[in-house]
Structures are given as structure tokens and as C-alpha cells.
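Any read-out appearing in this document is the output of simple, stated calculations on the displayed coordinates, not a laboratory observation. In this text, all values refer to a predicted model and were calculated from it rather than measured experimentally. Every residue, glycine as well, gets a Cβ built from its backbone with ideal geometry; the counts of neighbours run over all protein chains shown.
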Protein chains: 2
Amino acid sequence: MTSYKEDRSSPSERPGRVVALCGGVGGAKLALGLETLLSSGQLTVAVNTGDDFEYLGLRISPDLDTVLYTLAGLSDQTRGWGRAGETWNFMAALQELGGESWFSLGDRDLALHVERTRRLLAGETLTAVMGEIAHRTGVKARILPMTEEPVRTIVHTADGELPFQQYFVKHACKPAVSEITFSGADDAVAHPALLDALAHPDLTAIVICPSNPYLSIDPILAVPGIRAALQRSVAPVIVVSPIVGGQAVKGPTAKIMTELGISVTSRSVAEHYRDLIDGLVIDHSDAAEANELAMPVQIARTLMQTADDKQRLAQAVLDFAQVLTDQAAASTRLRGSHR
Amino acid sequence: MTSYKEDRSSPSERPGRVVALCGGVGGAKLALGLETLLSSGQLTVAVNTGDDFEYLGLRISPDLDTVLYTLAGLSDQTRGWGRAGETWNFMAALQELGGESWFSLGDRDLALHVERTRRLLAGETLTAVMGEIAHRTGVKARILPMTEEPVRTIVHTADGELPFQQYFVKHACKPAVSEITFSGADDAVAHPALLDALAHPDLTAIVICPSNPYLSIDPILAVPGIRAALQRSVAPVIVVSPIVGGQAVKGPTAKIMTELGISVTSRSVAEHYRDLIDGLVIDHSDAAEANELAMPVQIARTLMQTADDKQRLAQAVLDFAQVLTDQAAASTRLRGSHR
């Protein structure tokens with residue numbers, strides 16, 4: 001519908017609070033961009049835990065870890081996951097001993113898994129453990145798991161039902177996907193701090209990061225109360241489309257959309273979130289789609305390669321939120337004057 | 001009493017079965033020497049588990065691991081513990097995250113702890129886990145924990161009661177020792193396979209390796225049934241003294257002996273084991289002590305620096321066992337002829 005030009009000459013005023021929902025790599029990049037623009041404590045990042053699993057007796061939280069490493073400046077830029085300057089001697093030794101090795105854990109990365117597992121078994125919450133480690137590693141944002149309860153993303157495929165990591169890593173996303181479900185979601189309780197953040201009067205934007213809508217964002221929205229909290233919020237809900245030029249930037253998004261019979265377009269993304277969002281950010285390469293979308297659209301460079309890319313996209317999102325907020329206020333005034 | 005010259009010109013016949021009792025480094029070296037002389041399955045190494053502890057949520061068995069790494073040819077020769085070619089990135093990362101780091105675990109070594117912990121928690125026995133890993137890493141000997149039950153060596157010091165690793169690593173053996181006890185030993189059950197090995201009719205020698213008698217061998221002997229099984233055995237029990245030239249080769253042996261009011265001599269070692277052993281192997285440098293010892297003595301080079309040192313000492317021990325066995329047989333015949 002309406003399309004807003006990116007306007008870097010008049011950035012919005014220092015924004016208030018922001019909540020970002022995200023999965024792993026792509027989402028974490030935008031979260032980092034947002035963090036650079038916001039003061040300490042202003043950004044809450046609610047992270048998918050549907051990919052969490054137990055491996056070698058350790059509790060692994062892939063998306064939480066990617067967000068942590070990205071915000072702490074520890075992530076490997078080339079590989080796209082795990083830590084920079086990583087070594088793999090643990091894994092090599094484990095293979096010699098006959099241990100499981102289908103999921104690679106770097107020697108440095110392992111510290112997080114061992115420490116988290118120990119503390120969880122000692123009765124600490126995932127939130128407390130990740131929060132303390134985030135603080136220690138210099139992260140300014142508040143990183144929250146979507147829930148403390150176990151939710152497990154199950155990918156229904158031609159080869160049977162696969163827990164997410166089995167599908168993603170062990171089967172390298174090869175089996176055709178027919179359905180995705182979130183085991184345990186119905187009984188999970190949305191993170192209270194997330195609900196508080198979503199209800200905060202100073203909240204200026206809720207950002208759904210360019211993560212896989214079906215695998216990374218849907219598990220968050222499947223936790224009872226989160227979808228309603230987004231709908232109830234005073235702040236605009238903005239989605240950054242993970243589709244660029246009719247393709248997904250990373251991961252199996254496009255493949256899954258095709259298998260589920262969904263066209264690989266930002267319009268499909270908009271439709272997926274339709275009763276939930278107030279605006280969509282799409283890439284320049286998909287600008288032609290803007291007019292087909294029945295909602296406000298912001299066109300921006302959504303591919304985030306450099307630090308500058310991340311910050312610029314985050315700024316575009318916050319500016320867009322400001323425009324939507326101003327517009328809603330004007331509309332309210334207008335309705336008021338018609339009375 | 002009697003002293004036997006080392007005689008390499010006439011090695012004993014291919015020996016039958018041997019049981020070695022040992023702690024960590026020094027004991028493991030002799031176990032390796034014995035393994036090189038014996039066929040697969042002939043050597044059973046019963047290892048102290050009194051030093052075992054839980055750390056970072058992982059089950060650590062320092063002596064079992066040292067024996068495994070030594071027999072598998074994976075141990076670090078220079079450092080004296082852990083694996084060769086080790087890296088320390090896990091530990092460095094753990095420190096950054098605020099985790100405990102007083103006990104260093106190398107990246108490769110960690111694989112053993114993670115794999116063992118996972119399998120123990122899944123219900124496997126320590127024996128099964130270590131046995132399978134030993135087999136995989138090419139170890140010919142049977143490595144047995146002295147018991148499957150938890151026995152914990154407690155060092156009573158001027159600074160209070162310290163679990164062994166706290167005393168040994170965290171306190172660097174500094175506090176003066178007044179007593180050493182073995183928590184849980186009374187309720188522990190000697191490893192059935194060890195009792196079987198000690199009762200085997202083909203057993204030709206029981207070797208108490210040059211480990212710390214108070215910290216490494218006493219916990220094994222504290223497990224009900226093991227001491228009696230040694231006394232009952234048809235094979236000679238031989239101790240290799242850990243004292244060389246009035247000093248301990250490694251670790252806190254000499255310091256502890258002094259603190260406990262025991263003179264740092266092989267005679268003290270002989271007295272410590274007096275109702276249990278049939279012969280003592282002492283170093284050339286302590287040859288003068290041989291005549292003061294009220295038991296058969298073999299003089300050998302007990303310092304094991306090279307692979308050849310280990311094998312030569314092992315051969316001396318086995319030859320000594322043969323001499324003692326022949327002597328006992330002659331004595332029986334003599335007693336028989338006097339009837």
C-alpha cells in the first residue's frame with residue numbers, strides 16, 4: 001500500500017524501548033544493529049528456543065547462543081555460527097573415543113554449553129544463566145528465551161518427524177517438509193519479562209527480525225500469550241522480510257516455503273503475519289512488490305553484510321516505527337476532529 | 001634381607017597373568033612397562049578412584065584417565081598429566097564466562113569427561129565406559145576402577161578437611177597433612193573383576209606400582225576385600241618403592257611422609273605394606289637400605305624416563321616375582337622332604 005522512502009537525513013529522536021523477536025543468524029544481525037542505536041537496557045531480544053536440544057548430555061540453545069555471540073562481538077562472521085577464532089580439538093578427540101559427533105561444538109563454544117548445563121542442573125533458570133553471561137561479555141541488550149519451558153520444533157518430513165537440529169544438521173534440510181509443529185508450546189508460559197517489555201508504556205517498536213518465519217518466529221508466537229501481547233501493544237509491530245530478490249538470504253527458508261506451497265515472496269511473509277503486524281520492511285530488490293502489499297511498507301537494504309548495514313537497517317526500522325506511530329496519532333486526532 | 005641382582009641375561013619365561021595396583025603418573029608408567037611385556041588380556045590394572053570428583057558438572061577420574069592416556073600412548077610426557085598436543089581454549093573461554101577454572105581441562109581431554117559423564121548418567125558403569133574407550137584407543141590391558149562405588153580421599157590438614165583434588169590442585173599440597181581418610185570405602189564393594197583377577201590360578205604377580213602409598217594405594221586397599229584378596233593370592237605381591245635416593249620422584253609423597261612423622265625411606269614403604277607383600281623393589285641409589293629390610297628385595301633402576309626404563313623395570317619386577325615363586329616352591333619341597 002503506502003511505501004516510505006528511506007530517509008537518513010532526519011533520523012528519529014532517541015527512541016524509547018524496543019522488543020525484537022528473533023531466531024539465529026539473520027535475526028541476531030538486526031538485533032546487533034538495534035543494540036548499537038539504543039541505550040543500555042532499552043532493547044529486549046526475545047529468542048526462539050524451539051531449536052534447543054540435549055547433546056552429549058549438554059543443553060544446547062543454538063539461537064540464544066548465536067544472539068549472545070553476535071551481540072558480544074564473539075561470533076564468527078565467515079562461518080555464520082559459533083565463535084570466531086574457534087578450534088575443534090574436543091570434537092576430534094570425541095570422535096576418537098567413539099562419541100556422537102554429528103553436531104560440531106567448538107572448544108570455546110563448549111564452555112558456554114558446559115557452564116549452562118551445570119547451572120541449569122543446579123536449579124538456575126535459562127534466563128538467569130544467559131543474562132549473567134551476556135552481562136559479563138558486555139552485551140547491553142536483555143536477551144530472553146521466549147519461555148523457560150521446553151518447546152521443541154518438530155519438522156514433519158517425507159522421512160518422518162524430525163526434531164529441528166536433526167532436520168537442520170543431521171539431515172542437512174534435505175527431507176521435504178510438510179508441516180512444522182511446536183511440541184510443548186501449548187503448555188509453555190510466555191516469559192514474564194517479555195510480556196512486561198511488550199506492555200511497557202515506553203515501548204516504541206516491536207521488531208520481528210528477518211529470521212525464518214516458520215522455524216524461528218512461529219515457535220515464539222506459538223507460546224500462549226505472546227501473539228496477544230503483540231496485538232495489544234501500543235507500539236507498532238514491524239516485520240523485516242527475510243526474502244531478498246525472491247530468495248532467502250540464508251538457511252532453508254525458501255526451500256521450506258516452496259515445499260509448503262508458499263511463493264517465495266515478501267507478500268507471503270506479509271500474509272503469514274497479517275493480523276499481527278503494522279508494517280513490513282522489504283529489500284530494494286523487491287520494491288516492485290510494495291504496491292501489492294495491503295499494509296505500510298518501508299523499502300530498505302535488508303542484506304546485512306557489514307556493521308554499517310546492520311545499523312542502517314536498524315535505523316530504517318526505528319524510523320519506520322516512528323512514522324507509523326505519528327501516523328496513528330494523526331489518524332486518532334483526525335477521528336477526534338470528526339466527532 | 002636377601003637382595004637379588006638384576007639379571008637381564010635370563011629373562012623369565014613368558015609370564016601368565018599380572019595384576020597391578022596403581023594411582024596416576026608413576027604407577028601408570030610401570031603399568032605401561034608391564035603391558036609391553038604381556039599379551040593382550042594378561043594385565044589387569046586396578047586403579048585408585050579416591051581422587052575422582054565432580055567438576056563443572058563432569059565426572060573426572062584423574063588416575064583412571066592418566067592410566068588410560070599412558071597405556072594408549074596419548075599422554076603428555078613433559079607436563080606429566082593430560083594429553084599430548086593439548087590446547088586450552090575451552091578453559092580460556094570458560095574463564096571469560098565466569099566459570100570455575102581452578103582445575104584445568106584441556107580441549108581434547110574434555111572429550112573423555114563429557115563422554116564419560118553422559119554415559120554414566122545414562123546408566124552405564126564406569127568399568128564399561130572406561131573399558132570400551134580403552135579398547136577403542138588400543139589399550140591391551142584391562143583397566144578397572146578399584147570399585148564402582150564412590151570412595152573419596154579426604155586429606156585432613158591444618159586448613160581443615162580437603163577432598164583430594166582441592167588439596168592437590170587448589171591448595172597445591174601446601175597445608176600440612178595430619179591424616180588421610182577414605183570416605184565411603186567401608187561401604188564400597190571391591191570390583192568383582194579385580195577379585196576374580198586376584199584369585200586367578202594363572203596369576204604370576206601382583207604389583208603395587210610406585211604410586212603414593214598413602215594417597216593412591218591405600219584407598220584401593222581400603223575397599224573391603226581387596227587387602228584379603230592380596231593376602232590370599234597364590235602369586236607374590238611385589239611393591240616398587242616410590243622413593244628414590246630418599247626422595248619421592250613426583251608429587252607430595254615425601255612432604256606427606258615427613259608431615260605424618262614417617263622417614264622418607266623405602267624401609268618406611270616396606271613397613272607400610274608389611275603384612276601384605278612378599279618383596280620390595282628399590283632403586284640402586286637406595287641399595288644400602290636393602291640389608292635393613294626384613295623381606296626379599298630386588299634392586300633396579302626405578303626412575304622411569306624412557307620407554308626402555310619402563311620396560312626394563314617391568315621385566316625386573318616380573319623376574320623378581322618368578323624368583324620369589326620358585327623360592328616358595330623350593331621351600332615347600334624342602335619342608336616336604338623334612339617330614
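Quick notes
- A label point on B:Leu260, set 7 Å along the Cα-to-Cβ line, lies at 6.8 nm from each of its counterparts in the other copies, closest listed first.
- Whichever aspartates and glutamates have a C-alpha closer than 14 Å to that of A:Lys255, once near sequence neighbours (fewer than 8 apart) are set aside: A:Glu179
- Rel. contact order, % - alpha carbon contacts under 8 angstrom, at least six apart, the range A:219-284: 43
- Angle in degrees between helix A:62-71 and the longest Cα principal axis of chain A, rounded to the nearest 10: 70
- Amide H partners (placed H, <5 Å) of B:Arg59, local residues excluded: B:Thr117
- Electrostatic tally near A:Ile282: other residues with Cβ closer than 11 Å to its Cβ, Lys and Arg +1, Asp and Glu -1, net -2.
- Cα gyration tensor category, rounded, prolate or oblate, for the range A:185-339 with a/c compared to 1.5: oblate
- Applied to the range A:16-32, the Karplus parametrisation 6.51 cos²θ - 1.76 cosθ + 1.60 on θ = phi - 60° returns per-residue 3J(HN,Hα) values of x, 8, 9, 10, 10, 9, 8, x, x, 3, x, x, 4, 4, 5, 4, 5 Hz, with x for Gly and Pro.
- The fraction of Cα-Cα pairs per 10 angstrom bin, counted from 0 for the protein assembly as shown, comes to 3, 14, 20, 17, 12, 10, 9, 7, 4, 2, 1, 0, 0, 0 percent, rounded to whole percents.
- Note, ³J(HN,Hα) from phi for the range B:319-332, Karplus 6.51, -1.76, 1.60, rounded to Hz, x at Gly and Pro: 4, 4, 4, 5, 4, 5, 5, 4, 5, 5, 5, 4, 5, 5
- Among B:Ala84, B:Ala172, B:Ala20, the largest mean-square fluctuation in a Gaussian network model of chain B, built with springs joining Cα atoms closer than 10 Å, belongs to B:Ala172.
- Counting only aspartates and glutamates at least 8 places from B:Lys310 when in the same chain, those with an alpha carbon closer than 12 Å to its own are B:Glu35.
- The mean count of C-beta atoms from other chains within 10 Å of the C-beta of residues in A:128-138, rounded to a whole number, is 1.
- Helix A:126-136 axis, angle to chain A major axis (alpha carbon atoms, nearest 10°): 80
- Among B:Lys250, B:Lys310, B:Lys140, the largest mean-square fluctuation in a Gaussian network model of chain B (Cα springs under 10 Å) belongs to B:Lys250.
- Reachable aspartates and glutamates from B:Lys174, criterion Cα separation under 12 angstrom, eight or more residues apart if same chain: B:Asp159, B:Glu259
- When chain A is treated as a GNM with alpha-carbon contacts under 10 Å, the residue of A:Thr125, A:Thr78, A:Thr325 showing the greatest mean-square fluctuation is A:Thr78.
- The amide H of B:Leu162, built 1.01 Å from its N in the peptide plane, has B:Val155, B:His156, B:Thr157 as neighbours under 5 Å, considering only residues 5 or more places off or on other chains.
- The angle between the Cα long axis of helix A:107-121 and the longest principal axis of the Cα atoms of chain A comes to about 90 degrees, rounded to the nearest 10.
- Order of B:Ser183, A:Ser216 - criterion: other Cβ atoms within 10 Å of each residue's Cβ, fewest first: B:Ser183, A:Ser216
- Annotation: the residues B:Thr117, B:Thr258, sorted from fewest to most other C-beta atoms within 10 Å of their own C-beta, follow the order B:Thr258, B:Thr117.
- Working from Cα pairs under 8 Å separated by at least six residues, relative contact order for the range B:205-339 is 23 percent.
- Convex hull volume per residue, computed on the Cα atoms of the range A:57-167, equals 130 Å³.
- Point-to-point label distance, B:Thr78-B:Lys255, nm (Cα→Cβ direction, 7 Å offset): 2.4
- Directionally averaged shadow of the range B:159-240, computed from the convex hull of its alpha-carbon atoms, nm²: 6.3
- Couplings 3J(HN,Hα) for the range B:39-44, derived from phi with the Karplus relation 6.51 cos²θ - 1.76 cosθ + 1.60 (θ = phi - 60°), are 6, 3, x, 7, 9, 10 Hz, where x marks Gly and Pro.
- Modelled spin labels at B:Thr125 and A:Ala328, positioned 7 Å past Cα toward Cβ, are 6.6 nm from each other.
- Across the identical copies, the 7 Å label point of A:Gly85, projected outward along Cα→Cβ, sits 2.4 nm from its counterparts, in ascending order.
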